[in-house]
Amino acid sequence: MITAERYHDISVGHRVAGHESKCKYLHGHNYRIHFVVAAPELDSIGRVMDFSVIKEKLCMWLEDNYDHKFLMWEHDPLLEQMKAVDVLSIVITEFNPTAENIAKHLVEQVAIYQLSGTGCILIECRVEETRKCLATYKIKL
Ligand SMILES: [Zn+2]
């Protein structure tokens, strides 16, 4: 299989509700998010998907929705207090915002919508919280 891959860097705040140590605190990361796209066959000039289209469909979604925002789980006990401080900074998520859950959400929800009609699918997403720590979500083909 041939894939096309592009990454994008964003700065995002979060906290992990229920975490046993310091990830329970309000903090953030300079995330690097890698998108791996596949198609049943290459297009007429030999591409899975033009890299500029990965940028337009997926990287720009990150810019518009997550960059410089604060991710909070809808069941986080601090959510109402955080909304009172600055509601425009908060992105309420259906999942506790770990790197694993962010990767899964980007593949299963965001990319399904963003890539619809392109003939391509996001088969893997890697979410780096730091240069040392990352989570990967892959679709089984
Ligand atoms: Zn963190």
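The values are calculated or read from the model by the stated rules, or taken from the named source; none is laboratory data. Please read all numbers here as calculations on a predicted model, not as lab measurements. Heads up, the Cβs are rebuilt from the backbone with ideal geometry, glycines too, and the neighbour counts pull from every protein chain shown. These area figures cover heavy atoms from the full protein model, side chains too; ligands, DNA and RNA do not enter into them. Shrake-Rupley method; radii C 1.70, N 1.55, O 1.52, S 1.80 Å.
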(message) Could you compute the longest span of the chain free of GluC sites (Glu not before Pro) located in DSSP loops and having at most 12 other Cβ atoms within 10 Å, not counting the site residues?
(response) 95-141
(message) 7 Å from Cα along Cα→Cβ at both Leu88 and Asn65: what's the point-to-point distance in nm?
(response) 2.1
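First check a/c for segment 74-139, with a ≥ b ≥ c the square roots of the eigenvalues of its C-alpha gyration tensor; if it is under 1.5, answer rounded, and if not, answer prolate when a/b is larger than b/c or oblate otherwise.
Oblate, because a/c is 1.5 or more while a/b does not exceed b/c.
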(request) Between Leu141 and Glu74, take the C-beta separation as r, use R0 = 35 Å, and let me know the FRET efficiency to the nearest 0.05. (result) 0.65
(request) Kindly flag which residue pairs out of Lys57/Lys138; Lys57/Lys83; Lys55/Lys104; Lys55/Lys138 have an alpha-carbon separation exceeding 24 Å in this structure. (result) Lys57/Lys83
(request) State the Cα centre-to-centre distance between segment 94-141 and segment 1-65 in whole Å. (result) 7
(request) Using 0.36 nm per residue of separation minus the Cα-Cα distance, give me the extension gain between Asn30 and Tyr113 in nm, one decimal. (result) 27.4 nm
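Compute the Kirkwood hydrodynamic radius of the chain, taking the inverse of the mean of 1/r over all pairs of distinct Cα atoms, and give it in Å to one decimal. Kindly include the intermediate steps, with their values, before the conclusion.
Details: mean 1/r = 0.0632 Å⁻¹.
Result for the chain, one decimal place: 15.8 Å.
Can you tell me the accessible area per residue over segment 3-138, all protein chains present, probe 1.4 angstrom, in square angstrom? Please list the in-between numbers first.
On the way: 7570 Å² over 136 residues.
Computed with neighbouring chains in place, this is 56 Å² per residue.
Just the projected area, averaged over all directions, of the convex hull on the alpha carbon atoms of segment 15-88: how many nm²?
Approximately 7.2 nm², given one-decimal rounding.
Can you tally the net charge around Glu5? Count Lys and Arg as +1, Asp and Glu as -1, for every other residue whose Cβ sits under 10 Å from the Cβ of Glu5. All intermediate terms of the calculation are to be shown ahead of the outcome.
On the way: positive: Arg6, Arg126; negative: Glu124.
With Lys, Arg at +1 and Asp, Glu at -1, the net is +1.
What is the sum of charges, Lys and Arg at +1 and Asp and Glu at -1, for the other residues whose Cβ falls under 10 Å from the Cβ of Val48? Before the final figure, lay out the partial values.
Details: positive: Arg47; negative: Glu5, Glu41, Asp43, Asp50.
Computed value for this residue: -3.
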